[in-house]
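Notes follow once the structure below has been shown.
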Amino acid sequence: MKILITGCSGYIGSCLSNYLKIKGKIYFLDKDRPKSFTNIKKNFFKCNLNNLKNTERVIKKIRPDVVIHLAAKSTVNHKIKKSSYILNNIKATKNLIKAMNKFDVNKIIFSSTAAVYNENKKLIKENDYLKPISNYGKTKLFAEKEIIKNKKINYIILRFFNVAGSLTNSSIGEFHNPETHLIPISVFSALKNKSINIFGSNYKTSDGTCIRDYVHVKDICSAIEKSIFYFKKKKSLVVNIGSGKGTSNRRMLVTLSKITKKKVKISFLKKRKGDQAILVCSIDKAKKILKWKPRYSKIENILKDEISWSNFLIKKNINRKFLSVQK
Ligand SMILES: NC(=O)c1ccc[n+]([C@@H]2O[C@H](COP(=O)([O-])OP(=O)(O)OC[C@H]3O[C@@H](n4cnc5c(N)ncnc54)[C@H](O)[C@@H]3O)[C@@H](O)[C@H]2O)c1
């Protein structure tokens, strides 16, 4: 089996390339070179999916059995122009599909997101109302639709919730520049005795702070691995991948404080526009149909692995740049 991973130089792509153990060959594609701490040393194609000709050249050369499409403009940041999301989430996906169609490559696993949903007090199900708020969510939903409407393609659309944690055995983890996700920001700040910004303390939730569904990156990798084999059933699928459990910002920070044995400094700021109070998913479909379940996604586990990754970065003198945004 030949597998192509797009977006291999990003957080999930780096982890997946170390995690995947399949019989066959894995090829890698990204517009940026892989990070030095990954094991991607060969079969790498530096290619921007916005360029159709180059994309076609790679697909023609590899003719993969399955494409795992992780490449995207993935951070939610009001400073990023809408055109950048359109280019890297919609145009890039359209080009990839065109190239796949041209060379009879017909299986894709697409990394979608919780951001396609609107807030919901109940556990979010796959056929719930879709109403993305951010440009990120809107363009990811558009990309989903482009894939679904293509008659030649079998797809598995995985809607990831809040991915966090690291591969501790191989020291590979999240490294966005700037970092916008709450867990890496909180852990790094706590280890450096810096204060953590929490936006809003009067949401209609049990402790007034936002509630999110954190899922360990190892569980994300195992969901992707299960998806590769699901194609044998020759059916397409849209499925949530989360822990199925909500953790409030406050509870996450209390847990972090317990694990690090440090008093975590918190600054409560005003609510931000566009932040939803609760986003937690039902994982019944993933359990039933994909035969997947989360094994590492307890918040304590996620935080411990993030601490070990942050300590690795600190030891290597690698600084993390933060944007004061947490989603
Ligand atoms: N990290 C999360 O919490 C999370 C949650 C839900 C969904 N997702 C989705 O999972 C996927 C991976 O997320 P991540 O956190 O690893 O993102 P990331 O930003 O770390 O990595 C994305 C990678 O895609 C590459 N890329 C972007 N545009 C490209 C283009 N036009 N051509 C080629 N390469 C391009 C980037 O260079 C980068 O290496 C994304 O599709 C994201 O939308 C992530």
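Worth a mention:
- Criterion applied to 130, 237 was being farther than 22 Å from residue 10 by Cβ, in contact with a strand residue (DSSP E or B) (Cβ under 8 Å, 6 or more places away or on another chain) and free of Cβ contacts under 8 Å to residues at least 24 places away in the same chain, and the one residue passing it is 130.
- Near pairs, Cβ below 8 angstrom, 6+ apart or cross-chain, from region 1-15 (free of Cβ contacts under 8 Å to residues at least 60 places away in the same chain) to any residue that is more than 8 Å from the ligand (Cβ to nearest atom) and in a loop (DSSP other than H, G, I, E, B): 9/33; 9/34; 9/35; 9/38; 9/40
- Scanning region 166-214 for residues that are more than 19 Å from residue 280 (Cβ to Cβ) and touching a Cys at 6+ places or on another chain (Cβ under 8 Å) gives 166, 167, 172, 173.
- Matching residues, region 104-114, being open to solvent by less than 10 Å² (accessible area, probe 1.4 Å) and more than 14 Å from the ligand (Cβ to nearest atom): 105
- The criterion of at least 2 residues that are near the ligand (Cβ under 8 Å from one of its atoms) is met, among strands (runs of 3 or more DSSP E) falling completely within region 1-71, by 25-30.
- Filtering region 257-273 to residues that are touching a Ser or Thr at 6+ places or on another chain (Cβ under 9 Å), in contact (Cβ under 8 Å) with a residue 60 or more places away in the chain and open to solvent by 30 Å² or more (accessible area, probe 1.4 Å) leaves 265, 266, 267, 268, 269, 271.
- Extreme residue, farthest from residue 144 (Cα to Cα), among residues of region 215-236 that are open to solvent by less than 10 Å² (accessible area, probe 1.4 Å) and touching a helix residue (DSSP H, G or I) at 6+ places or on another chain (Cβ under 9 Å): 216
- If you go through region 274-288 and keep only what is hydrophobic (A, V, I, L, M, F, W, C), surrounded by fewer than 22 Cβ atoms within 10 Å (Cβ to Cβ) and closer than 12 Å to residue 241 by Cα, you end up with nothing.
- Within region 161-181, the only residue that satisfies the criterion of being under 15 Å from residue 321 (Cβ atoms) and either away from the ligand (no atom under 11 Å from the Cβ) or among the aliphatic types (A, V, I, L, M) (or both) is 178.
- Residue in region 39-50 that is modelled with pLDDT under 95, crowded, with 16+ Cβ neighbours inside 10 Å and not aromatic (Phe, Trp, Tyr) present: yes
- Of the residues making up region 51-76, those that are among the polar types (S, T, N, Q) and either within 15 Å of the chain's Cα centre (by Cα) or open to solvent by less than 20 Å² (accessible area, probe 1.4 Å) (or both) number 3.
- Single match in 101, 95, 177, 127 (criterion: over 30 Å from residue 273 (Cβ atoms) and either open to solvent by 20 Å² or more (accessible area, probe 1.4 Å) or aliphatic (A, V, I, L, M) (or both)): 101
- Checked against (1) more than 14 Å from the ligand (Cβ to nearest atom); (2) within 16 Å of residue 180 (Cβ to Cβ); (3) not basic (Lys, Arg), residue 85 meets all criteria but (1).
- In the set (1) open to solvent by 20 Å² or more (accessible area, probe 1.4 Å); (2) farther than 29 Å from residue 20 by Cβ, residue 209 fails one condition alone, (1).
- Condition check for residue 194: at pLDDT below 95, over 20 Å from the mean Cα position of the chain (by Cα), more than 21 Å from residue 239 (Cα to Cα) and open to solvent by 20 Å² or more (accessible area, probe 1.4 Å): yes
- Within region 197-206, the residues that satisfy the criterion of being open to solvent by less than 40 Å² (accessible area, probe 1.4 Å) and either under 21 Å from residue 243 (Cβ atoms) or part of a strand (DSSP E or B) (or both) are 198, 199, 203, 205.
The values are calculated or read from the model by the stated rules, or taken from the named source; none is laboratory data. In this text the structure is predicted, and so the values were computed from the model without any measurement. All Cβ positions, glycine included, derive from the backbone under ideal geometry; neighbour counts span all protein chains shown. These accessible areas exclude ligands, DNA and RNA; they are computed on the full protein's heavy atoms, side chains included. Shrake-Rupley method; radii C 1.70, N 1.55, O 1.52, S 1.80 Å.
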